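The values are calculated or read from the model by the stated rules, or taken from the named source; none is laboratory data. Quantities reported herein were computed from a predicted structural model and do not represent experimental measurements. As a convention, Cβ positions derive from the backbone with ideal geometry for all residues, glycine included, and neighbour counts pool all protein chains shown. In case anyone asks, the SASA skips ligands and DNA or RNA and just uses the protein heavy atoms, side chains included. Shrake-Rupley method; radii C 1.70, N 1.55, O 1.52, S 1.80 Å.
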Amino acid sequence: MRLSLLPSAQWTACFVLLSVLCSLFTPAVSVKYENFKTCDQSGFCKRNRAYADRAGQLGSSFESPYQIAPESLSWKNGQLQGVILKTIDAAGETVRLPLTISFLASGSARVVIDEEKRQKGEIELRHNSIARKERYNEAESWAIVGGLDLSTTAKEERDATKSIVKYGPDGQFEAVVTFAPFGIDFKRGDATHVKLNDRGLLNMEHWRPKVEKAEPKEGEETPVQVQQGEDESTWWDESFGGATDSKPRGPESVALDITFPGYDHVYGIPEHAGPLSLKETRGGSGHHTDPYRLYNADVFEYIMDSPMTLYGAIPFMQAHKKDSTVGVFWLNAAETWIDIIKEKESHNPLSLGIGSKIDTKTHWISESGLIDVFVFLGPTPKDVTKAYGELTGYSQLPQEFAIAYHQCRWNYITDEDVKDVDRKMTKYQIPYDVIWLDIEYTDDRKYFTWDPLTFPDPIGMLKQLDQSDRKLVAIIDPHIKKKDGYHVVDEMTKKDLAVHNKEGKPYEGWCWPGSSYWVDCFNPAAISWWKTLFPYSAFKGSAENLFIWNDMNEPSVFNGPETTMPKDNLHHGNWEHRDVHNLNGLTFHNATYQALLSRKKGELRRPFILTRSFYAGSQRLGAMWTGDNQANWDHLAAAFPMILNNGIAGFPFAGADVGGFFGNPEKDLLTRWYQAGAFYPFFRGHAHIDTRRREPYLAGEPYTGIITRALRLRYSLLPSWYTAFHEASVDGTPIIRPHYFEYPSDEQGFAIDDQFFIGSTGLLAHPVVTQGADSVEIYIPDDELYYDYFDYTPYSGQGKHTMSAPLDKIPLLMQGGHIFPRKDRPRRSSGLMKFDPYTLVIVLGKDGTAKGELYVDDGDSFEYEQGAYIHRVFQYSNDILESKNIGTKGKLTDKYLKSMKDVVVERIIIVGAPASWTGKSSLKGGEELEYHAAEGGKAAWATVKKPGVKIGEDWKIDFSVSHDEV
Amino acid sequence: MRRIETILLLSTISSSILAAETPRPRGVGPEFAKFYKSTSSFTCISNPAITLDPSRINDDYCDCPDGSDEPGTAACTHLSPLSPPQPGAGENVTLALPGFYCKNKGHIPGYVPHLYVNDGVCDYEGCCDGSDEWAGVGGVKCPDRCQELGQEWRRLDELRQKAARAALKKKAELVQEAARLRAGVETNIKGLEDEIRALEAQEAELERKYQELERKERGKVVTSKGKGSKVTVLAGLAKQRVEELRNALISVTGKRDALKERVKELEAILSAFKEEYNPNFNDEGVKRAVKSWEDYAANKVETDDSAEERDIQEIAKPDSESEGINWAEWETEAEESDTDAIYKLEEYLPSAVREWVHQKLTDFRIMLVENGILADNANSGSESKVVSDARNAHQTVSDNLEKKRSSLEDLRADLGKDYGEEDVFRALKDTCIEKDSGEYTYELCWLSRTSQKSKKGGGSTGMGNFVRFDTIEVDEEIGADGKGLGQGERLTLMYENGQHCWNGPNRQTTVVLACAEKDEIWKVQEQEKCKYRMDVGTPAVCEKTASKPAPKEKDEL
């Protein structure tokens, strides 16, 4: 109203001018939507969504055409086998879909549905295709490494309509397999937690021949389309962005609905830029309109809060409600879409009165392959990630340097440039472990070569780095430059190890080097050959402190459909690219992993390889990062939800480019990003070639100092981080953990993804990710005592608390009841801290106790597998601090302990020290104690100086107050 | 392990021997020895309230808030404004000691940061005696290399000193040369000033003459000009017109040639762009641009216009007796017309009368002209040859004078221009030096321009034109060969407005100068997109300072 009083024309002009100015300053960068498909542009997704819509419209009159033939069923050794008949026409004709339901010793269940005709090869391929006729059945050989032992205790009962299998720990789990229509309800206790085909959306598009219809002759009027039978418009050759997919097998998609009754949160299915708790995808306020997509792609300048596909895919989802977590793993490597809706619980007597009133209903749609789905019944998040890890493997125990700080840039342009950055970091006393080389180090983008003009002396460069125990990571990508005389491409083509096009000839595409071929790492012969390229003698200019970065392995093909390969390309065994696409990155990563293991005879060290593309199982091979992000606050904020999601999906060694890849961060953004990055499991600063230099020492004060403190915080906590990595490597527990994971009963925490716990340390971080913020609202999930990490200000009481957070402050709390190890002496690199003494921080809980762990090994070799490590639990209770060994002795334990015999605990800090210690200056054992009473709103604390205990030994320290002292 | 113990034992013995004369704990420099003298107690250097038993010194635990109880270990390294703040380790930490003192017997003693102590790395650069790794962590051994390193250092230092002396000599030569050049300029100025004075006199004279002639002309009675004079006038007009057209033609062809060059340059940019653009960025705009360029390039017709060009060149040549039109033939009149004869009546009068009559007539005519009764002859465009000759003569001298004056101004400006201290860059101006670095050859032309040329082909790219002197604070190493900027304020030459970068600004170069025996580009860095820094050695910035081989102190922050 008030506005109308103003001379409006003038104001409009002002406004227009202002908005024009604004648009000038708005970064004009954003993803090119038109380069990537929507569900509607992806034939099989559109068909299956339409199928779901029809089922929804028909309601109870819809009947799923899939039924188990009861007489086909047999039970043997924990496995139920049979055939599902799919009725395909009104005449009642059926196709046979073999079904195998396996109940695993671990308590997981697996449901596999195949197509008999294709198993037997009784189909015809169009276009004289030489592709395989079977549905792709080798995803398992890449993704699964164990946990497939069948249950010996599972028991089956069957009647005319259903089969009931009791399995799992103490037979608490139950699978009810209904015959007509086919469906499975998975129960724990009395409640159903996961339902397959509850909505009848199961769909396996069986093979069919293409019936050529007479084309209307020229000049004749096109007859009005009479809708006869099915809509075939997306069945055959499909075009997008100027490329045509020949689809020699026609429509062959698989889909299944999976319902989580009573669950209102689902997490996982990375990689997407969006919140940890997944959104609904069928429209409505605040919801997505497209399903979450998994089709690994090099998405240029990706956008926030989107279900769009990114570089990696892990089709593993967790559903969570108060006190219960379940999960599903959809083992399919083809393009996949997942629709999610949340509905008010339907009338379901079994879940009455339990948990929330929301059902989360998911719909999984893949372009080809088998239906192969694992069901995990929990009941805790930890149980689910552990069970998933038993199958796909746990996170690699990395090289210790790999969890320190990485300094990267596209590109450090000469070997002198690298050495200069190295000297400057040293000079400014900023710790770092690894410096990186992007593609420009190569001679004309030919991997395994060095540009003779800009990197004339790689060995000299590596030697300088090694003086401070620092490393170099060089990029090696899967595209191999097509250039005569380049030995790598010559060998690869001679041995026929490249990916083929649909005609069976080497596929040629465009990438960084220009015209290129792609190594086909699905081929065992290609892996063997790849291994020959990496020995120090073969990769001239490489050395022991050089490690590898695998980029562009989605694969990224600049001139391909959706910036990747045509789906009708052929891989080893003539599997279509369509079938294996999402596995491609993993196979390349795997080949490099094998190669690094065999660089030198007799040398067995842990590889370190960063990958951009990944699939379920990639966690065994190294680290991932969230790709090409941007230097803005939104991307900073998006990184934690993405990393958390990756973590709960079994791949916790994750990080985002600190500073943002594209664009120039303002100094406050860069500073905040380092403060956040100090909590990324994978911590690397990186920048695009067009950006200004931004090595930490260039920021100037106060920024350089603040950034250095963040880096030194990471370094001092490395013993705790490494312990968390170890934990992840043995049971799959994420390294940074979301609230629901640690507090599965606290409903207020289920959607929180801007703060998290670090390993089992009790450290709760809430880094600032918004511009101009000088405080954060940190959420405390319980009534335990918490203390500010930096000044011991106490916080307590379940709920939100305001923490002041000026630019030089990282909101970080220590939770009472924990003990965590640190190394406080700043060094040039993590390697130089190896023999430094420890500081133990004891944060006393409400009950006056605390507990924590330390895992340490050589951080480099596989000798830990033979016991060469120290694994201790520290316990404080009844005024006694005790260090106990929880490792298992092996062949090399003594040797390792001997090498560590001089490493001691130099200091013990007790936060929240009891007031009864006032005036005390020593402990019973004579250890010197310094007590600081609570003052100025800060908690009391005490220090034990030089307790004289060794890190590798059992010991006790008595803190009790003797009468004569008080 | 036994070996380590032996070493420890040995070092204990040696330190106890030393203790007799210099009772300094490990890592303490002589200037701090006084704080460690007492055998009964130790007082933290900057916290006198805290007194410790001397056994606490170097016991590998940090007691003093200023770190002074641990001069020989890394135990106090967490006391640093660069470490995460913790209670007890105050945020405003001031460390008492500059670092770990290495005696470096046989070489120069010095400090290394405490965080280098017992980290398993022999830091010979600051600690040639290996004393920073006294604990032998992880089995590291750092034998004393001071003899060898000291010798090498002294050898290099001698070379450095020699080079420094030579550099100073060179500098003196440069200054001398600059002074010589300056004197030359001053001489030139003087010469010019004289010339200008002469020319000014000449100009005044010619102007007077011209004005007089013009005045006379204006005084002439309008004559109905005879046939011959009409042609003369026409010829005059035509000549003027032709001259104008010719000048216009020359100017247009010049502009055309410049535009042709621009088009060529643009086409080169676009074809490079087409080669080098990144198709991965999938930028529709860029793709469209590339497509349009391809179409344009395909449609381009190469025409042969050499004939036309020849004609133009022919036309553009100035007229003379042998080429074009011989105007002289048309401008001078062969015979006098009748009217002219009448005008010459005056000539029959006695000279005194004639002067008077002529004067009166002229004045009268001028009066008439000024009152608008008579048309002004001079403005009628039919100026007589005599007047125009006079005018041209005056003009020529006046132009010449203007040129000289501007030269003089330039010279004076040059004299007043900043050529750095002692005018020294005057001696270097417009000379160039080159450097091969990686993919590029870089060129620096003193006070003129910087450029780079790729070895992979392509032309030279301007990295900026000299605009001014400036200074910069640097903190760099100096190599063993004496090359490097060192620490402190350094003179810089700013080169700006070089070739524009695709996706970036105009190129610019900051040339940072340090003393060296000869002009040499040491290092070129692209600090940010298309902003370069050249570290350059030159005798021009050498200064007489006592080069002191002081201990290399490393600040411990």
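Would you check the accessible area of A:GLU157, probe 1.4 Å, heavy atoms only, in square angstrom rounded to 10? The accessible area of A:GLU157 comes to roughly 130 Å². Using only protein heavy atoms and a 1.4 angstrom probe, determine the accessible area buried between A and B, summed over both sides, in Å² to the nearest 100. Using a 1.4 Å probe, the pair buries roughly 4600 Å². Surface calculation, 1.4 Å probe, protein heavy atoms: A:HIS589 sits at approximately 0 Å² accessible.
Does region A:837-965 come out rounded, prolate or oblate, given a ≥ b ≥ c as the square roots of the eigenvalues of its C-alpha gyration tensor, rounded meaning a/c under 1.5 and, failing that, prolate meaning a/b above b/c?
Working: a/c = 2.52, a/b = 2.25, b/c = 1.12.
Prolate, because a/c is 1.5 or more and a/b exceeds b/c.
Note on B:THR471/B:ALA289: beta-carbon distance plugged into 1/(1 + (r/R0)^6) with R0 of 41 Å gives a FRET efficiency of 0.45. Given their separation in residues at 0.36 nm each and the Cα-Cα distance between them, B:GLN395 and B:GLU195 gain 70.3 nm when the chain is fully extended. Each part reduced to its alpha carbon centroid, region A:537-593 and region B:427-442 end up 43 Å apart.
Rounded, prolate or oblate for region B:127-203? Axes are the square roots of the Cα gyration tensor eigenvalues, ordered a ≥ b ≥ c, and the cut-off for rounded is a/c under 1.5. Let's see the in-between values first.
Working: a/c = 13.15, a/b = 5.02, b/c = 2.62.
Prolate.
Averaged per residue, the protein assembly as shown has 44 square angstrom of accessible surface, using a 1.4 angstrom probe with ligands and nucleic acids left out. Angle of helix A:703-716 to the longest C-alpha principal axis of chain A, folded into 0 to 90 degrees and rounded to 10: 90°.
Counting only protein heavy atoms and using a 1.4 Å probe, the accessible area of B:GLU422 comes to about 110 Å². Residues whose amide H comes within less than 5 Å of that of A:TRP450, counting only those at least five positions distant or on another chain, are A:ASP443 (H built at 1.01 Å from N in the peptide plane). Neighbouring Cβ atoms from other chains, within 10 Å of the Cβ of residues in B:524-530, number 4 on average.
Diffusion coefficient (Stokes-Einstein, Kirkwood radius over C-alpha pairs, 4 °C, 1.567 mPa s) for region B:428-541: 92 µm²/s, rounded to a whole number.
Protein chains only, probe 1.4 Å: how do B:GLU203, A:GLU576, A:GLU544 rank by accessible area, largest first? Before the final figure, lay out the partial values.
On the way: B:GLU203 40, A:GLU576 0, A:GLU544 80 Å².
Descending order: A:GLU544, B:GLU203, A:GLU576.
Ranking of A:TYR295, A:TYR795 by solvent-accessible surface, largest first: A:TYR795, A:TYR295 (1.4 Å probe, protein heavy atoms only, all chains present).
State the three equivalent ellipsoid semi-axes of region A:139-204, derived from the C-alpha gyration tensor as the square roots of 5 times its eigenvalues, in descending order and whole Å. Intermediate results must be reported in sequence, preceding the final value.
Working: eigenvalues 92, 71, 28 Å².
Those come to 21, 19, 12 Å.
Considering only protein heavy atoms and a 1.4 Å probe, what is the carbon-and-sulfur percentage of the accessible area of region B:428-541? Carbon and sulfur atoms account for 40 percent of the accessible area of region B:428-541. Label-to-label distance for B:LEU249 and A:LYS540 is 6.4 nm, based on points extended 7 Å past Cα in the beta-carbon direction. Label-to-label distance, B:ALA258 versus A:ALA751, with points set 7 angstrom from Cα along the beta-carbon direction: 6.6 nm. Per the Debye formula on identical point scatterers at the alpha carbon atoms of region B:230-329, with no solvent, log10 I(q)/I(0) at q = 0.14, 0.17, 0.19, 0.21 Å⁻¹ is -0.72, -0.88, -0.99, -1.10. Interface burial in region A:692-727, defined as at least 30 Å² less accessible area with all protein chains than with the chain alone at a 1.4 Å probe, covers A:ARG692, A:ARG693, A:ARG709, A:ARG712. The orientation-averaged projection of the convex hull spanning the C-alpha atoms of region A:740-821 amounts to 5.4 square nanometres. Computed with the Debye formula from one identical point scatterer per Cα of the protein assembly as shown, without solvent, the log10 of I(q)/I(0) at q = 0.05 Å⁻¹ comes to -0.56. The A:LYS846 and A:ALA243 beta-carbon pair, evaluated with R₀ = 56 Å, returns a calculated FRET efficiency of approximately 0.30. A Förster radius of 51 Å, combined with the Cβ-Cβ distance separating A:ASP690 from A:PHE62, puts the computed FRET efficiency at roughly 0.40. Working note: Debye formula, equal point scatterers on the alpha-carbon atoms of region A:334-466, no solvent; log10 I(q)/I(0) at q = 0.09, 0.12 Å⁻¹ is -0.61, -0.78.
Could you check what % of the DSSP bridge pairs in the protein assembly as shown are antiparallel, to the nearest 5? Could the numbers behind the result be given before it?
Values: 201 of 239 bridges.
Counting only bridges with both partners in the protein assembly as shown, antiparallel ones make up about 85 percent.
In this simple spin-label approximation, A:SER960 and A:THR152 carry label points 7 Å from Cα along the Cα→Cβ vector, and these lie 4.8 nm apart. Placing A:TRP512, A:TRP410 in order of accessible area, with the largest value first and a 1.4 Å probe, yields A:TRP512, A:TRP410.
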